[in-house]
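The values are calculated or read from the model by the stated rules, or taken from the named source; none is laboratory data. This one's a predicted model, so the numbers in the text were calculated from it and none came from an experiment. Quick reminder, even Gly has a Cβ in these numbers, built from the backbone with ideal geometry, and neighbours come from all protein chains shown. The accessibility values were calculated without ligands, DNA or RNA, using every heavy atom of the protein model including side chains. Shrake-Rupley method; radii C 1.70, N 1.55, O 1.52, S 1.80 Å.
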2 protein chains.
Amino acid sequence: MTFAMKVTLSLSKELEDTSKLAGWFEEANSDLLTRGGGEDEGASVVLDGVSGQSMDMTITSGRRVRPHHALQRLRKFLAGNLGMEYKIGIRGADVLTYSATFPLEKAVKTGFSVPFLSSPIEARDAGEVTVEFKVTGDEGDLDIVTLEALNQNIPDRVIKRILDKVEEQHYEGKGEFWELVWKSEEKEVVYSGDPTDDMVKQGWVVQGPTKGKWFLRPQATAVMRAMERIALEEVLIPLGFQEVISSHIVGFDVWKKTGHLEGMPGEIYYVSEPATRDPAAWEEFRDWLKITKEVPDHLLKDLIQIPRAGISYAQCPNIYWSFSGRTLADTTLPVKIFERAANSNRYESGGRHGLERVDEFHRIEPVYIGTAEQLGKLKDDFVVRYKHVFNDILELEWRMAWVTPFYMAQAGQVGVEDNEEKVKGTMDFEAYMPYRGDRDSEWLEFQNLSVLGDKYIQAFNIKAQKETIWSGCSGIGLERWMTSFLSQKGLDPDDWPEGFKKYLPRLPPGIDFV
Amino acid sequence: MTFAMKVTLSLSKELEDTSKLAGWFEEANSDLLTRGGGEDEGASVVLDGVSGQSMDMTITSGRRVRPHHALQRLRKFLAGNLGMEYKIGIRGADVLTYSATFPLEKAVKTGFSVPFLSSPIEARDAGEVTVEFKVTGDEGDLDIVTLEALNQNIPDRVIKRILDKVEEQHYEGKGEFWELVWKSEEKEVVYSGDPTDDMVKQGWVVQGPTKGKWFLRPQATAVMRAMERIALEEVLIPLGFQEVISSHIVGFDVWKKTGHLEGMPGEIYYVSEPATRDPAAWEEFRDWLKITKEVPDHLLKDLIQIPRAGISYAQCPNIYWSFSGRTLADTTLPVKIFERAANSNRYESGGRHGLERVDEFHRIEPVYIGTAEQLGKLKDDFVVRYKHVFNDILELEWRMAWVTPFYMAQAGQVGVEDNEEKVKGTMDFEAYMPYRGDRDSEWLEFQNLSVLGDKYIQAFNIKAQKETIWSGCSGIGLERWMTSFLSQKGLDPDDWPEGFKKYLPRLPPGIDFV
């Protein structure tokens, strides 16, 4: 990877005698600009010309001594010499162009734009590419590569973003990796209704009040709470998990660390605090609301802050945050905790369906931190407990599949052919949904189980005394458990398995309407 | 209350013969404009002059036939006559001024502005007041009283707002109504620490991750869950309550009905949905975030919608919403339900303190709907159960106080001198907080119990078969129960009452750090 910067130094007066410049530039190139650059990664400068009070030059470099660092050194060096020799000072440095050249291993299938570049990346073959950064722009432009931006390594991240986008173009359409690990026997289909439709008809649930949300009346709530008790009493408590309570509001700083904010910003429910709590500031808003019976958006937009947080998408980010920078005692490993208080929201838009795919849901999230060995064993223990629940209590037709992302599998981080090696990665638990169609495709992911390596451990700087630690989590979606169960068993409690009836001997009476 | 409107009709050509006008106006005043106005509430018109193609007039009225309605009638009437007699049409009507005159029973202590008025209300004595509405304005002005605004009864609501604001000025500083109903015996102070400080020191809780939020580690969570079980098993289940699950997101439409949005807009955590879930629309946002490691607010503001909802402040609004427009069977009364899944947020700003006054909390909210008699009895039953919990299980020093708002008490809606009559109103439950100071003032409201009459029943159009129904609710704040308890008993489980130990025999081990 190489960089090139054209720059003009402006001098305090005209430089008439240019005879010494060649020597100075040679001196700079021989040592000053290569210091710290190793074999090939230093910088060098070429004098392009001197005209009046301007001195034009081109600085090129490898990765270590970047042009802007070389410029700092060179400016100081030249200022010393010019001052000593001619009493000329350097008034400023004006970057005219800044470019980077690097290899693209794959073709650009479709052109795309990236901030901080002066022009889009065009579709092209693999090979060496040169990109020009935007060094000047209109007033108000925020993506100008200033010297400050160079100091923050903006160009490196632009290049990484280009490479990632090209990579993504080549993964698109490959589908997700999916490999069956285990499946239950087929169960006779005794019910083939859409359980949400039937729950609506029987008054167990009410849709709303806002999009993708549901109000669960006593009957549906009783089923959800039974599912929760089963998860607690048959899985989490026997496995030695302790409960914690976390905020359902996740700050952007936390999501920046986990990658959620860059991964799925279009699925977040954003949260804005009021700009102030002062009643006087809200008085005009209240006047408008009371007089017009409409929310005065023109006032509201200035009375709330730009979001700095969103509603929980999963509980684990705040759980990891709670360990930030702390060192876990080896004796406390593996840490086994779970959270079930924080409500979760995801903006599903067109994908919503009944209580299976909702914008708001209730999940229990166990999180575990320990050595690879501890988590490998814990994962096996989880599978045993989950099998017990889904086979013996809920009597589901279900299956487990290894869904570790393609790139992870490809990168050899997990063995996809040898089950023994499958510690790091994600297992999905899927239930057959008879009302949707046949067994070829109609399965609902109702649960997962992951060991994530040290991704979050590193992101939140969590340490152990002497052990190397990993972490993992398992998402237990209570609405998903409920709809999987009801899709196969129907809404008539007489048809429910005995194991489940132990947890819900009878439905509550509900509320009667006329 | 009277209204006056000056209006100019523009004619299709000059009216040279004005001899018939006096007769027409007399005819309009004698019948057309008073129709439907009863004795004193009709309208009348005075012709102010005719000049070229303009005809100026002043319409005055009482409450029933408003000037804009009178104008419609008059325009049609005059258009008929002018057309027949002179072939002149009416091209338009231009409102020049619009004013209302009404009595102010109390003085305006401090002047204030109100949208839709052409000038602020000045400080003044009680008596008759005339306000001018804004009928013209600059481009972009949203509070102009157009004919459409007149049809939406904007002036009436402006007048109501003026009267309310004057009323509020007279209640300010009166303090809240508070009357002791019952108090426990004084308990010896055995602990006087701030329980939040001590929980932080002992690693039971972590502050954050965002303002006014807390992460509860296993020890604090175990105390919270014990409190929850006590509320369920000692109060709600014995009283026959059924559980429901509600969204923690409350739409503005729901809060407009309950009054929360106009009551406390500065305390709401506002929620914005993404403008779109389309990944292409978010691509530039993701580019910026990955390149700069900062959230690009300049892009975010256009990628999210203006809030149309906020996070639950209390669960009851969505619960009432779930009954909207439905008719309850008399046999189902009293409806007794509770919600404990929805997380609550309130923006406390400078008022935050420890886990006692937080921006996010967990409450159980029982809601009940039934006849006045049923709710009177239920309220008594609640008091018996709550006394049992606070006296026999938590062994608190606590008290109950009648805190029905002053204006309600004054309006004779509740008898404040006769306990028997105190069905409608609110009771606060307060616990003494030794660490804060002496018993004169240092009490924490940890719970309340209300019967609200038909306020929400009407707002959500909830009906019963033949009974007249009321509703009520009780807010059980689990963080408040916990801090009240720990403030008096301390963090050492050995010092905790036996009744509580039944619900929490031992603390979980927690997590060890080095």
> What number of residues within the range A:147-163 are open to solvent by 30 Å² or more (accessible area, probe 1.4 Å), at pLDDT below 85 and within 12 Å of chain B (Cβ to nearest Cβ)?
Replying inline: 2
> Which of the following residues is farther than 30 Å from A:Ala464 by Cα and surrounded by fewer than 24 Cβ atoms within 10 Å (Cβ to Cβ): A:Ile306, A:Ile268, A:Ile291?
Replying inline: A:Ile306
> Hey, which of the strands (runs of 3 or more DSSP E) in the range B:119-223, taking only ones fully inside, have at least 1 residues that are polar (S, T, N, Q)?
Replying inline: B:127-132, B:205-207
> Only one of these conditions is not met by A:Pro505: (1) open to solvent by 20 Å² or more (accessible area, probe 1.4 Å); (2) within 14 Å of chain B (Cβ to nearest Cβ). Which number is it?
Replying inline: (2)
> Restricting the search to the range B:443-474, which residues are within 27 Å of B:Ser192 (Cβ to Cβ) and touching a residue at least 60 places away in the same chain (Cβ under 8 Å)?
Replying inline: B:Leu444, B:Gln447
> So which residues in the range B:232-250 are more than 7 Å from chain A (Cβ to nearest Cβ) and either of a type in the set (Val, Ile, Thr) or under 22 Å from A:Ser247 (Cα atoms) (or both)?
Replying inline: B:Val235, B:Ile237, B:Val250
>> List pairs: first residue in the range A:1-26 and without any contact (Cβ under 8 Å) to a residue 12 or more places away in the chain, second residue of a type in the set (Lys, Arg) anywhere in the structure, Cβ distance under 7 angstrom, at least six positions apart or on different chains.
In response: none
> Just for the range B:58-72: of the residues that are surrounded by fewer than 21 Cβ atoms within 10 Å (Cβ to Cβ) and at pLDDT 95 or above, which one is farthest from the chain's Cα centre (by Cα)?
Replying inline: B:Thr58
> Say we look at the range B:183-219 and pick out the residues that are more than 14 Å from chain A (Cβ to nearest Cβ) and basic (Lys, Arg); which of these is nearest to B:Trp443 (Cα to Cα)?
Replying inline: B:Lys183
> Which one of these does A:Glu373 not meet: (1) acidic (Asp, Glu); (2) more than 30 Å from A:Lys463 (Cα to Cα); (3) free of Cβ contacts under 8 Å to residues at least 24 places away in the same chain?
Replying inline: (2)
> Does any residue of the range B:385-392 turn out to be modelled with pLDDT under 95 and of a type in the set (Ser, Thr, Tyr)?
Replying inline: no
> From the list A:Glu132, A:Glu128, which residue is at pLDDT 95 or above, in contact with a strand residue (DSSP E or B) (Cβ under 8 Å, 6 or more places away or on another chain), of a type outside the set (A, V, I, L, M) and over 17 Å from A:Lys6 (Cβ atoms)?
Replying inline: A:Glu128
> Does A:Ala222 satisfy being open to solvent by 10 Å² or more (accessible area, probe 1.4 Å), touching a helix residue (DSSP H, G or I) at 6+ places or on another chain (Cβ under 9 Å) and either within 23 Å of B:Val250 (Cα to Cα) or facing chain B (nearest Cβ under 9 Å) (or both)?
Replying inline: no
> What are the residues in the range A:233-254 that are assigned to a helix (DSSP H, G or I) and open to solvent by 20 Å² or more (accessible area, probe 1.4 Å), if any?
Replying inline: A:Glu233, A:Glu234, A:Asp253
> Out of the range B:336-357, which residues are more than 28 Å from B:Phe215 (Cα to Cα) and either at the interface with another protein chain (Cβ under 7 Å from one of its Cβ atoms) or open to solvent by less than 10 Å² (accessible area, probe 1.4 Å) (or both)?
Replying inline: B:Ile337
> Conditions: (1) farther than 26 Å from B:Gly263 by Cα; (2) at pLDDT 95 or above; (3) touching a strand residue (DSSP E or B) at 6+ places or on another chain (Cβ under 9 Å). B:Gly80 meets all but one. Number of the miss?
Replying inline: (3)
>> Checking the conditions here, which among A:Lys109, A:Lys87 is away from chain B (no Cβ under 14 Å), under 27 Å from the mean Cα position of the chain (by Cα) and farther than 23 Å from A:Thr2 by Cβ?
In response: A:Lys109
> Exactly one of (1) open to solvent by 30 Å² or more (accessible area, probe 1.4 Å); (2) of a type outside the set (A, V, I, L, M, F, W, C); (3) more than 7 Å from chain A (Cβ to nearest Cβ) is unmet by B:Gly259. Its number?
Replying inline: (1)
>> Which pairs turn up if I take residues in the range A:185-213 that are open to solvent by 20 Å² or more (accessible area, probe 1.4 Å) and look for partners that are polar (S, T, N, Q) with beta carbon separation below 6 Å, at least 6 apart in sequence or on another chain?
In response: A:Val206/B:Ser322; A:Pro209/B:Asn318
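Each row is one residue, and each column tells you yes or no for (1) under 17 Å from B:Arg91 (Cβ atoms); (2) polar (S, T, N, Q).
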{"site": "B:Thr18", "(1), (2)": "no, yes"}
{"site": "B:Asp31", "(1), (2)": "no, no"}
{"site": "B:Glu41", "(1), (2)": "no, no"}
{"site": "B:Val46", "(1), (2)": "no, no"}
{"site": "B:Val50", "(1), (2)": "yes, no"}
{"site": "B:Thr60", "(1), (2)": "no, yes"}
{"site": "B:Leu71", "(1), (2)": "yes, no"}
